[in-house]
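Quick notes on the structure that follows.
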Amino acid sequence: MKSTFRRTLAFVGRYKGRAFLAVLLGFLTIGANIGLMGASGYLIAKAALRPETVLLIWVPIVGVRFFGLSRGVFRYLERLASHDVTFRVLADLRTWIYSRIEPRGTVLLEDRRSGDVLGAVISDVNELQNFYLRVLSPPLVAVLSGLLGIGIVAWWDMRFGLILAVMLVLAGIAVPALSHVSGRRRGEETAARRGELYANANDLIMGLPELLVYGRAEEAAGRVEADQHRLSALQKGQNRTAAVASGMMVACTQAAMWLMLLAAIPLVAAEALSGIALPVLAMVALASFEAVAPLPQTFQQFGGIMAAASRLFNLADAGGGAAGSADEPQAAADSAAATGTTAANPLPAAGFAIEVEHLMFRYGPGEPAAVDGVTFAVPHGMKVAVVGESGAGKSSLLQVLLKLRPYEAGSVRLAGQELAALAEEAVRDRFAVVSQQVQLFNESVRDNLLLARPDATDEELQQAAMAAQIHDTIQRMPEGYDTLVGEWGSRLSGGERQRLGLARALLRNAPVLFFDEPTAGLDSVTEEAFLRQAEAAAFPGKSVLWITHKLTGLERMDHILVLKSGRIVERGSHEELLRLRGEYWRLFRLQQAEAVWQDARC
């Protein structure tokens with residue numbers, strides 16, 4: 001808990017000047033209210049004595065006007081300053097958490113549910129907006145304002161200061177402590193239940209087609225509904241605790257006022273205290289409690305806020321780097337400041353050779369090697385295919401080359417530079433990828449293409465689409481390039497999605513193209529058409545690494561690597577490998593037999 005609090009506090013520390021200003025404005029707001037109530041009490045009492053001229057009460061009249069106006073001004077400025085700090089901190093948090101989890105984007109969901117990640121980056125970050133507004137600022141303002149109120153009443157008599165101090169401590173510490181004890185467990189459980197709700201709701205939405213097919217949609221919806229009921233019950237419990245704490249605060253406020261009056265009346269009767277002081281003392285005591293009124297909510301929400309922060313930091317720590325790094329806020333600010341800037345890329349833009357020597361990669365300590373001692377080279381302009389059965393290590397090799405996963409041993413050199421020493425952005429800027437499942441967002445065709453190069457013109461978009469043989473299809477759509485493609489491109493056929501992915505890769509104009517199972521799931525006719533389009537549009541002048549388990553069209557490749565259990569067992573051209581009658585020949589015969597069987601079924 002202490003470590004989580006310190007890490008969260010570090011994000012506010014970068015704006016300590018603004019935070020101090022917000023606290024000062026909060027103190028001035030409460031101080032103006034104390035002055036307003038005290039001046040009003042004095043004015044009412046003085047006016048009740050029927051002064052001979054209004055000039056005798058001119059000072060309290062001016063005081064009431066001044067404090068009344070200044071209170072509104074200070075409150076507005078305090079809200080402006082405190083929310084400015086909060087939104088700056090939230091911006092840093094969002095930038096920081098993204099920078100921590102983005103490098104592990106490919107592996108983040110291997111041990112986490114997507115709903116948990118979604119809950120952390122949305123719900124938990126939003127929960128932390130209360131950290132400054134509800135946890136840090138109110139206690140500081142309460143201490144300063146409480147000292148002011150105690151000082152004012154103690155100026156009349158030390159006994160008044162002691163009474164007010166005791167009641168403020170009771171209302172500002174004892175009641176919030178009880179609220180914290182009562183609400184801490186609910187706050188932590190609320191954060192956990194909210195995460196479960198996000199996870200189950202996300203599973204329901206993403207898996208809805210399969211749930212409907214198997215008739216389990218109502219069951220999944222029931223789990224989401226049950227999560228919502230449990231979360232609502234916890235929130236109702238928190239509201240009840242807040243209501244009880246609020247009632248106790250009102251009781252403490254009223255008790256302080258009556259104790260002040262009971263202590264002051266004998267002094268007035270003994271003429272040791274002016275009668276005009278009675279309403280002043282009572283009103284100042286009442287106004288002083290405005291500062292401690294938010295404290296029960298502060299203590300009650302503290303557990304939930306820290307639970308949300310803990311979940312967020314656990315997710316960030318899983319993204320790599322040292323936990324609790326002192327430069328976290330500065331790193332977030334640097335990342336935000338760097339957005340939109342372009343550093344010089346050490347890799348040549350016109351093309352380069354890829355050299356892999358004795359590459360070793362495994363997914364975790366003690367696990368078998370997914371890539372074991374692989375050595376090959378892809379000179380600029382060469383077309384290399386990597387083939388093998390599922391689990392042979394093809395996709396693992398691609399992830400290493402894209403610097404999505406770190407390799408354990410060996411060497412990967414791009415243009416003579418070691419991959420491990422290059423920035424991730426520099427590496428990926430020189431590669432374009434067409435994957436088995438082309439990621440398309442529920443935006444227009446134009447927006448999905450512009451992911452590759454946001455500054456591309458309409459003419460360049462159309463040229464890339466024509467090269468990929470998808471331009472005519474787009475033109476026939478209801479709104480052309482402005483047509484929405486649906487989630488994951490649901491409004492497009494499999495072949496259209498792959499061709500759109502090819503167009504996006506061509507638009508990027510990178511010197512190296514990676515194809516990861518691009519024809520998986522396509523029928524033979526669509527597959528052959530895609531291969532022809534790729535060969536005509538993408539292959540000329542570029543290096544190509546074609547990763548596939550389907551051996552169709554590999555006669556187009558300059559060189560073929562056959563992987564098995566993470567090792568290269570054969571290499572050569574299509575004709576050479578067939579003459580060897582080894583692993584490649586075996587896979588080729590199996591796929592030929594499968595094609596004959598499918599044709600017979602048709």
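Things to note:
- For the chain, the carbon plus sulfur part of the accessible surface works out to 59%, probe radius 1.4 Å.
- Remark: the chain carries 49 Å² of accessible area per residue (probe radius 1.4 Å; ligands, DNA and RNA excluded).
- In this label model, Gln129 and Lys550 are separated by 4.8 nm, measuring between points 7 Å along each Cα→Cβ vector.
- Taken about its Cα centre, the chain carries a charge dipole of about 1900 debye when Lys and Arg each add +1 at the Cβ and Asp and Glu each add -1 at the Cβ.
- Estimated vicinal HN-Hα couplings, Hz - region 377-387 in sequence order (Karplus 6.51, -1.76, 1.60; Gly, Pro = x): 9, 10, x, 4, x, 8, 10, 10, 10, 10, 10
- Scanning the chain for DSSP H helices at least 20 Å long along the axis (C-alpha atoms) with a Kyte-Doolittle mean no lower than 1.6 picks out 137-156.
- The share of alpha-carbon pairs in region 28-87 lying farther apart than 14 Å comes to 59%.
- Contour minus Cα-Cα distance for Gln475 and Ala177 (0.36 nm per residue): 100.6 nm
- Over the chain: helical MRE at 222 nm, DSSP H runs n ≥ 4 each giving -39500 (n - 2.57), nearest 500: -19500 deg cm²/dmol
- Where labels lie 7 Å past Cα in the beta-carbon direction, separation of Ala409 and Glu487 in nm: 4.5 nm
- A Förster radius of 22 Å combined with the Cβ-Cβ distance from Arg18 to Val59 puts the calculated FRET efficiency at roughly 0.05.
- Maximal additional length on extending the Asn442-Arg50 stretch stands at 133.6 nm, based on 0.36 nm per residue less the C-alpha distance.
- Using heavy atoms of the protein chains and a probe of 1.4 Å, the accessible area assigned to Ser395 is about 50 Å².
- Count Lys and Arg as plus one, Asp and Glu as minus one, and take only other residues whose Cβ is under 11 Å from that of Ile30; the net charge is then 0.
- Inverse of mean 1/r across different Cα pairs in region 2-105, Kirkwood, Å: 16.9 Å
- J(HN,Hα) series, region 443-451, from Karplus relation 6.51 cos²θ - 1.76 cosθ + 1.60, nearest Hz, glycine and proline x: 10, 6, 4, 4, 5, 5, 6, 5, 4
- Extension gain for Val166 to Tyr98 (0.36 nm times residue separation, less C-alpha to C-alpha distance): 19.8 nm.
- Label-point separation, Gln417 to Arg567 (7 Å along Cα→Cβ), nm: 3.4 nm
- Of all segments of the chain bounded by trypsin sites (Lys or Arg not before Pro) found in a DSSP loop with no more than 11 other C-beta atoms within 10 Å, the longest spans 1-475.
The values are calculated or read from the model by the stated rules, or taken from the named source; none is laboratory data. Computed from a predicted structure; not experimentally measured. Counting neighbours? That spans all protein chains shown, and the Cβs are built from the backbone with ideal geometry, glycine included. Areas reflect the complete protein model, heavy atoms only, side chains present, ligands, DNA and RNA absent. Shrake-Rupley method; radii C 1.70, N 1.55, O 1.52, S 1.80 Å.
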